[in-house]
1. Of T26, T51, T273, which is the most mobile in a GNM of the chain whose springs link Cα atoms less than 10 angstrom apart?
2. Grab the DSSP H runs of the chain that are 4 residues or longer, score each as -39,500 (n - 2.57), total them, divide by all residues and round the 222 nm result to the nearest 500 deg cm²/dmol.
3. Taking the chain as the reference, fit the longest principal axis to its C-alpha atoms, fit the long axis of helix 41-56 to the helix C-alpha atoms, and give the angle between the two in degrees, 0 to 90, nearest 10.
4. From Cα pairs below 8 angstrom and at least 6 apart in sequence, can you work out the relative contact order of segment 101-161, rounded to a whole percent?
5. Could I get the Rg over Rh figure for segment 122-161? Both from C-alpha atoms, Rh via Kirkwood, rounded to two places.
6. In segment 45-165, what percentage of the DSSP-assigned beta bridges are antiparallel, given to the nearest 5?
7. Rounded, prolate or oblate: which one fits segment 177-324, using the alpha carbon gyration tensor with axes a ≥ b ≥ c (rounded when a/c is under 1.5, else prolate when a/b beats b/c, else oblate)?
8. Relative contact order, percent, of the chain when contacts are C-alpha pairs under 8 Å separated by at least 6 residues?
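Derivation of every value follows stated rules applied to the coordinates shown; laboratory data play no part. Computed from a predicted model, the values in this text were never measured in an experiment. Note: ideal-geometry Cβ built from the backbone for every residue, glycine included; neighbour counts use all protein chains shown.
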Amino acid sequence: MTIQIGIDLGGSNLRAAAFAGGGGTTPFASHREAVGDDRSPAAIVERLARTIERLAGGSGDPVAVGVGVAALLRDRRGTVASSPHLRWRDEAFGEQLRRRLAANYRLGVYNDANAVTWGEAVAGAARGCRDVLAVYVGTGIGAGLLVGGQLVEGASNCAGELGHTKVRWDEAAAPCMCGGRGCIEAYVGGTYLLARIRRELVHQRRRAVIERAGGSLDAVTPSHVDAAAHDGDAWALGLWTELATLLGVALGNALAILNPQRLILGGGVLGRTPVLRAMTEVALRRVAPPASLEPLSVAVAELGDDAGLIGAARLARDGVSLIE
Ligand SMILES: [Zn+2]
């Protein structure tokens with residue numbers, strides 16, 4: 001394989017990076033553009049194909065192309081069951097892109113959290129680990145699993161949907177955009193968390209918290225709440241205790257099932273809230289069976305935005321779930 005190309009198709013940006021075939025993790029070329037308003041699959045496929053062809057430089061040799069997409073997939077042919085970020089539902093995205101590209105491109109389409117997890121396993125916080133659970137709490141919650149060194153995609157490519165495991169199942173369980181309720185994402189996912197923080201702050205009038213955001217309620221983020229919790233603000237600590245307990249239940253149950261050696265925590269929310277992360281770790285250690293904690297080490301994601309590009313490129317190079 002002369003060239004590997006990794007693509008991260010998110011709700012805001014379309015990013016791509018080309019790596020030399022030898023397997024380094026520093027790209028020799030990269031590209032970034034806004035996804036923009038025209039999100040029809042046909043338009044996205046065309047833009048992706050042109051980006052891929054330009055990065056490959058007209059090479060007729062085999063080129064590995066891995067696309068990580070912020071979506072719930074339905075199979076290993078890149079069919080998107082739903083993507084709130086792209087506003088897609090039941091789109092044969094992978095097959096459309098496959099048809100658009102010449103035969104020398106070896107294409108795989110992956111869940112974005114899976115691509116990120118593979119990237120962390122290749123060159124980041126899970127280097128050398130064969131059994132890994134990686135959980136990214138950002139706008140939503142994504143997760144990736146490695147069992148025995150293999151990425152676990154599941155029977156219909158939706159394994160690892162930890163965000164939609166239930167932490168409550170009663171009348172008061174929070175509704176989730178997936179159509180369910182009581183999902184951990186509906187409590188800790190950034191979209192829900194931000195709405196709750198602002199809703200509560202309207203009533204709580206915690207001036208100390210709002211001042212951290214320059215005095216603007218609309219500018220308050222989870223990291224401001226985290227700083228307030230660090231300084232002992234009772235409201236912030238109460239909220240963090242509730243959320244850390246719920247996330248600890250979800251993670252502790254996952255540890256009981258998977259028994260990983262490394263748990264990676266990351267994403268736009270957990271990556272910027274060290275107090276919430278530490279409280280979550282305490283909570284999950286209370287929930288998980290003690291035997292599952294013996295081999296476990298917890299690490300913060302290392303590679304940030306690049307993990308998905310590296311991971312998607314490597315998955316395609318390694319022949320994982322290529323579309324024929
Ligand atoms: Zn859900």
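1. Among T26, T51, T273, the largest GNM mean-square fluctuation belongs to T26.
2. -12000 deg cm²/dmol
3. Roughly 60 degrees between the two axes.
4. Relative contact order here is 25 percent.
5. On the way: Rg = 10.8 Å, Rh = 10.9 Å.
Using only Cα positions, Rg/Rh for segment 122-161 is 0.99.
6. Percentage antiparallel, nearest 5: 65.
7. Values: a/c = 2.07, a/b = 1.52, b/c = 1.36.
It is prolate, given that a/c is not under 1.5 and a/b is the larger ratio.
8. On the way: 694 pairs, mean separation 73.4, N = 324.
After rounding, I find 23 percent.
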